[in-house]
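Below you'll find the structure, written out as C-alpha cells, and then a few comments.
The values are calculated or read from the model by the stated rules, or taken from the named source; none is laboratory data. Because the structure is a prediction, the values reported are computed rather than measured. Neighbour counts run over all protein chains shown; Cβ positions are idealised from the backbone, glycine included. Surface accessibility is based on the protein's heavy atoms, side chains included, excluding ligands, DNA and RNA. Shrake-Rupley method; radii C 1.70, N 1.55, O 1.52, S 1.80 Å.
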Number of protein chains: 2
Amino acid sequence: MAITIKDIANKAGISAASVSRILTNRGRFSEATAQRVRQLAHEMGYYKNQSAADLSQKESRVIGVLVPTTHTNFADEIIKGMQTKAFELGYELLIAFVETDSQQQIKTVKSLLSRQLLAVVMLAIDIEDPVFEVLTKADVRLLSVSNQLNNVIPSISSDNYAMMHTIVDYLYNQGHRKMALIGASNPDPIVAILRRKGFIDALLDHGITYNPDFIWGVENAYQTGLDAIKKFGNPLPFTAAIGSADIISIGLLNGAKDAGIAVPDDLSIVTIDGTELTQITRPILTAAQQNFAQMGELAITTLADQNLSPHTIIFTDITLKPGDTVANIN
Amino acid sequence: MAITIKDIANKAGISAASVSRILTNRGRFSEATAQRVRQLAHEMGYYKNQSAADLSQKESRVIGVLVPTTHTNFADEIIKGMQTKAFELGYELLIAFVETDSQQQIKTVKSLLSRQLLAVVMLAIDIEDPVFEVLTKADVRLLSVSNQLNNVIPSISSDNYAMMHTIVDYLYNQGHRKMALIGASNPDPIVAILRRKGFIDALLDHGITYNPDFIWGVENAYQTGLDAIKKFGNPLPFTAAIGSADIISIGLLNGAKDAGIAVPDDLSIVTIDGTELTQITRPILTAAQQNFAQMGELAITTLADQNLSPHTIIFTDITLKPGDTVANIN
DNA sequence: ATTTTTTGAGTAAACGTTTACGCAATTAAT
DNA sequence: ATTAATTGCGTAAACGTTTACTCAAAAAAT
C-alpha cells in the first residue's frame, strides 16, 4: 500500500488536514510543523495521489494534448515548448497519440476526457467530425495548434497566407517567375486553402498570373515530392517549387536527383516548416521556418486565459532561413 | 458541472450502484435497465470521472511512458505499437516527455507517479541515477524498452550483440574486411558496450583482428557522422562503416558526399535502426532494421504479466534490409 | 406447494485529498 | 487588564466511483 497523507499525519501526531495544507502550501500552518512534515514526506517516500486530489478539487490543471501518429516531425518541438511553459506555470500535460482511424480516435479522446481536463490541445490535427462533436460536447477549452480552424475553436499557427507572400517575394527577388506549390491542393484543411490563396495573391501582386496546374499534390508525404517531379518531367515547366512540408521537399530533392535535374541550378526549392530534417539533406534546404517552440509555449499561456474566444487566432513567427536550394537567376 | 453516475441514476430511477455495475459491465443487472442506462449515458454526454474510479479501485490499468525529447525518431513507432496493444488489452497510456535536465526529469517522474500507475516504461532512456532511485523507491513495475539495463530492470530490445554479427557477416560476405563502427564508443550505456563487443567478436569470428581506432564517435547525432568522415580523411582506411543510428549514417552519407567519397563505391554503409529516414536518402540506406512496433506491443504484454523478473530480457526481431549503400567488392 | 437457487438492485462504506468552519491558544491593540 | 485580532490546527463533509453485503422477488427444483 502506498503512503498516504494520513500515514504522515499519524507519524507527525497531527491531522491529515494539516498535512494537506502544508504540502499544498495553502491555508495556515506553522513553519516548525511544516518542516517536520516535509521531512517525513520525503523520508517515507510519499507521492500525492493525484486522483484523489483531482476528485476533491474543482479546478483542473491538466491539459490534454492530441498528437497525430502520422509522423509529423515537428510535433516534438511543439510538445517540448508546451512542456517548458506548462512546467513553469504549474500545468500538467497528458499526451495522447491518435491514429487516423476515427473509431479509435473517439476512444482515445473519451479516455482523455475521463480525466478532468482543463483543456484539450490539438496538434496539427484535422479532427474528424464525430470526434470534434465529442470534444465540443464535453466541457473543456479547446485549442488548435499549427492548424487553423477559423472561428470554430481558437488556434495558434503561422500566418499561412502571409508566409506564402514571404516565400514568393523571396523567390521573385531571386529572379523566379514560374513557381509551383507542391502538396497543398487538398480542398479541405484551411491551412491548404490559405496557402493556395496566399500563393496566388502573392504572384498576382507581382503581376504574375498563376498557372493552376502548378498547384499540385495532396498528401503530406515524401512520395508527393517524388511524384511531382515525375509528373512535371524534365525539363520542368517552372524554375522554383515550394514544398508544403519538409518531407515533401525532400521528395522533390530526391526526385530531381533521380531525374537528373540539378538543384538549385535547374530547380530551386523552398520548403515550409524548417525542421532539423532540412539540415540533413544535400544541398541543405532553404526553408520558411515555423517557430514551433513558440507555438507550444503560446498554447499554454493562451489556455491559461479564462475567457478565450473561439475566434482567437494567434500567429507565430516565420523566418526565411537560406539554405543551398535557391538559385539567383537574375 | 459534469454529468455523474448519480445524475443518470436519478433520471433512470435506480441507484448509482446499479449504473456503475452496468457501465463497467460487472456484477448483476438486467439487460432491460442496462439498455436504458446506456442510452441515457450517451444522451446526457456522460464521461466517467477516471480520478474517482482510480481512487476506488486498487488495481491500476495505467502505464506511464517516459520518452526522451532528444529527437529519436523511432520513439513514435514504439509508442504506436504500445498504444495498439494497450487499446486491445484495456490499458491506458500516460506519455511524458523527459528532458535531459535531471532536475526537471525528477519533477516529471514525480508527477507521473502521483497518478496511480501500474508500471513505468522507459523508452530508449539511460536514466540518471537520482531519477532511477525515485522510480525504484516507488511501487511500480519498471520496464526498459530499446535499451538494456541488464539485471536491474527487465528490458525489451534488439539483441545488440547478435545484431552486430548479422551486420558484420553481411559485410564480410560482400567482400569487406576493413570495417568501422561509428557512434557507439560511449563507455556507459550497455547498448554501446554490447554493440562494440558484438562487432569485435564478429570480426574475430572471421579471423579479422579489429582496429580499435575504427570504433569511433560518441554522440548519437548527425554531426558524429559528418565528423567521422572528416577524421578518417580521404581515402578512408576502411571500406565499410556501420552507423549506430540512422541519423549518424545520414551524417556519414553527407560527409562522404562533401568529401568526394562515393557511396557505395568508396564507402559502404550499413545503418542501425532502419526507420523511415533511411528511405529518404540518396542512395537509400542499407539497414539493420529493428522492429520497433514489436517492441511496443511486447512492452504491454510483458507488463501485463504479474511476476516479472528484473532479469527478464526479451529480444525483438532484426531484419537486414538491403538498400543501395553496400557494394559487393568480392 | 414447498424449498432452493438465481436474479436484480439497493445500502453503505471506502478510496485519499481538499477545504469550509470552528475553536482554543497566542499575540496585538486598546 | 480587557478586548480584538491572529494563528495553528482539528473536525467533518465533499468529490464520483466501486464493491461487499443485503434482501426481496422471481425462477427453478423438489
Inset, instruction - Report yes if residue A:300 is outside the structural domain of residue A:166 (by TED's automatic domain parsing) and open to solvent by less than 40 Å² (accessible area, probe 1.4 Å), otherwise no. - result: yes
Inset, instruction - Would you check if there is a residue in segment A:136-153 being more than 26 Å from residue A:306 (Cα to Cα) and away from chain B (no Cβ under 14 Å)? - result: no
Legend entry - Out of B:15, B:20, sole residue that is more than 23 Å from residue A:113 (Cα to Cα) and surrounded by 11 or more Cβ atoms within 10 Å (Cβ to Cβ): B:15
Inset, instruction - Could you grab me the full set of residues in segment B:37-55 that are within 16 Å of DNA strand C (Cβ to nearest atom) and either within 9 Å of chain A (Cβ to nearest Cβ) or within 28 Å of the chain's Cα centre (by Cα) (or both)? - result: B:48, B:49, B:50, B:51, B:52, B:53, B:54, B:55
Inset, instruction - Confirm whether residue B:117 is part of a loop (DSSP other than H, G, I, E, B) and out of contact with any helix residue (DSSP H, G or I) (no Cβ under 6 Å at 6 or more places or on another chain). - result: yes
Inset, instruction - State whether one or more residues within segment A:261-270 are open to solvent by 40 Å² or more (accessible area, probe 1.4 Å) and either away from chain B (no Cβ under 14 Å) or within 30 Å of residue A:118 (Cα to Cα) (or both). - result: yes
Inset, instruction - Give B:252, B:277 a once-over and let me know the one that is open to solvent by less than 10 Å² (accessible area, probe 1.4 Å), part of a helix (DSSP H, G or I) and within 12 Å of chain A (Cβ to nearest Cβ). - result: B:252
Inset, instruction - Run down B:192, B:180, B:184 and say which single residue is open to solvent by less than 20 Å² (accessible area, probe 1.4 Å) and part of a strand (DSSP E or B). - result: B:180
Inset, instruction - Out of the residues in segment B:23-36 that are within 8 Å of DNA strand D (Cβ to nearest atom), open to solvent by 60 Å² or more (accessible area, probe 1.4 Å) and within 27 Å of residue A:109 (Cβ to Cβ), state the one that is nearest to the other protein chains (Cβ to nearest Cβ). - result: B:23
Inset, instruction - Return yes when residue A:325 is part of a loop (DSSP other than H, G, I, E, B), buried (at least 17 other Cβ atoms within 10 Å of the Cβ) and not assigned by TED's automatic domain parsing to the domain that holds residue A:183 and no when it is not. - result: yes
Inset, instruction - Taking the residues in segment B:10-22 that are over 42 Å from the mean Cα position of the chain (by Cα) and more than 7 Å from DNA strand C (Cβ to nearest atom) as candidates, determine which candidate is nearest to the other protein chains (Cβ to nearest Cβ). - result: B:11
Inset, instruction - Just need a number here: residues in segment B:73-97 that are facing chain A (nearest Cβ under 7 Å), open to solvent by less than 10 Å² (accessible area, probe 1.4 Å) and assigned to a helix (DSSP H, G or I). - result: 1
Inset, instruction - Answer with yes or no whether residue B:160 is more than 19 Å from residue B:109 (Cα to Cα), surrounded by fewer than 17 Cβ atoms within 10 Å (Cβ to Cβ) and of a type outside the set (Val, Ile, Thr). - result: no
Inset, instruction - List every residue pair whose Cβ atoms lie under 6 Å apart, where the two residues are 6 or more positions apart in sequence or sit on different chains, the first residue falls within segment A:163-181 and is over 14 Å from residue A:288 (Cβ atoms), and the second residue, located anywhere, is of a type in the set (Gly, Ala, Ser). - result: A:176/A:240; A:180/A:241
Inset, instruction - Taking the residues in segment B:43-72 that are among the charged types (D, E, K, R) and not in a helix (DSSP H, G or I) as candidates, determine which candidate is most open to solvent (accessible area, probe 1.4 Å). - result: B:58
Legend entry - Residues satisfying the stated conditions in segment A:98-110, i.e. among the polar types (S, T, N, Q) and either part of a loop (DSSP other than H, G, I, E, B) or open to solvent by less than 40 Å² (accessible area, probe 1.4 Å) (or both): A:100, A:102, A:104, A:105, A:108
Legend entry - Matching residues in segment B:113-129 - criterion: being open to solvent by less than 10 Å² (accessible area, probe 1.4 Å), more than 9 Å from chain A (Cβ to nearest Cβ) and farther than 16 Å from residue A:80 by Cβ: B:119, B:120, B:121, B:122
Legend entry - Every residue from segment A:23-33 that is assigned to a helix (DSSP H, G or I) and over 42 Å from the mean Cα position of the chain (by Cα): A:31, A:32, A:33
